Amino acid sequence: MSRNKLYLAPSMGCCDLFDFKHQVEFIDSKADFLHIDIKDGNYVKTYSIGPDFMKTLKPVVKTPMDAHLMVKHPQWIIEECAKAGAAYITPHTDCIESDAFVTIHKILDLGCKAGIALNPSTSLETIRYYLPLLSKVTIMIVDAGYAGQEVIEQMYEKIR
């Protein structure tokens, strides 16, 4: 991945289920990643799709899938995401603080690329020591798990 390119990763959870096939085909032809939000109702207050959704998509898409794990204990679902076809697995840094290296190495050992997601209030400093192991960093420009939020403009500086 180029450091100077902006990558497009639409959230597949926002697709209209009544027009899903058409939307998946369109997004698959334009996106760099398919962003798969997996929410457990604990880390964030809402629930969403899981690895079974990725398993269904895998045979019909060419775009790499990124499993964005908005789950309190991502370690329990990492292997399922890898088996379902995730190219990238991206837990939130505050959910792996006590075992970040173990979690990242597990992702890598499963043949996936490791990503990390940082909430707006999480400092970039938190990923300093394991940054070399990561293939991508997702800097959230809204708080995780709440649809329809306005962009937190201070995050543009964090991204820079």
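Read the figures in this text as sums done on the coordinates, not as results from a lab. Because the structure is predicted, anything quoted here is derived from the model rather than measured. Every residue, glycine as well, gets a Cβ built from its backbone with ideal geometry; the counts of neighbours run over all protein chains shown.
Think of the chain as a dipole: +1 on every Lys or Arg Cβ, -1 on every Asp or Glu Cβ, centred on the Cα centre; then among M140, A87, N119, A87 lies furthest on the positive end. Charged neighbours of V102, selected by a Cβ distance under 14 Å, balance to -3 (K, R count +1; D, E count -1). The convex hull drawn around the Cα atoms of region 25-77, when projected onto a plane and averaged over every direction, covers 3.9 nm². Over all other residues within a Cβ to Cβ distance under 9 Å of G85, the charged ones net out to +3, with Lys and Arg as +1 and Asp and Glu as -1.
Placing +1 on each Lys and Arg Cβ and -1 on each Asp and Glu Cβ, with no other charges, gives region 7-143 a dipole about its Cα centre of roughly 220 debye. Reducing region 92-114 and region 125-160 to their Cα centroids gives an inter-centroid distance of 17 Å.
Sites listed here are chymotrypsin sites (Phe, Trp or Tyr not before Pro) in region 1-106 whose DSSP assignment is loop and whose Cβ has at most 15 other Cβ atoms within 10 Å: Y7.
Computed 3J(HN,Hα) for region 72-79, one whole-Hz value per residue from the Karplus formula 6.51 cos²θ - 1.76 cosθ + 1.60 where θ = phi - 60°, is 5, 10, x, 4, 6, 10, 4, 5, glycine and proline marked x. List the pairs from K62/K158; K30/K58; K5/K158; K58/K106 whose alpha-carbon separation is above 23 Å, in the order I gave them. As for pairs spanning more than 23 Å Cα to Cα, those are K62/K158. Relative to the Cα centre, the charge distribution of region 107-160, modelled as +1 at Lys and Arg Cβ and -1 at Asp and Glu Cβ, gives a dipole magnitude of about 240 debye. Taking the three principal axes of the alpha carbon atoms in region 58-127, the coordinate ranges are 37, 23, 17 Å, sorted in descending order. Measuring how big the chain is from its alpha-carbon positions, Rg and Dmax come out at 15.0, 44 Å. Taking 7 Å steps out from each Cα toward its Cβ at E125 and I159 produces label points 2.4 nm apart. A DSSP coil position with no more than 10 other Cβ atoms inside 10 Å describes the following trypsin sites (Lys or Arg not before Pro) in region 58-126: K62. Charge dipole (Cα centre; +1 on Lys/Arg Cβ, -1 on Asp/Glu Cβ; no other charges) of region 1-64 amounts to roughly 260 debye. Here Y7 and S98 are evaluated by their C-beta separation; at R0 = 22 Å the FRET efficiency comes out at 0.15.
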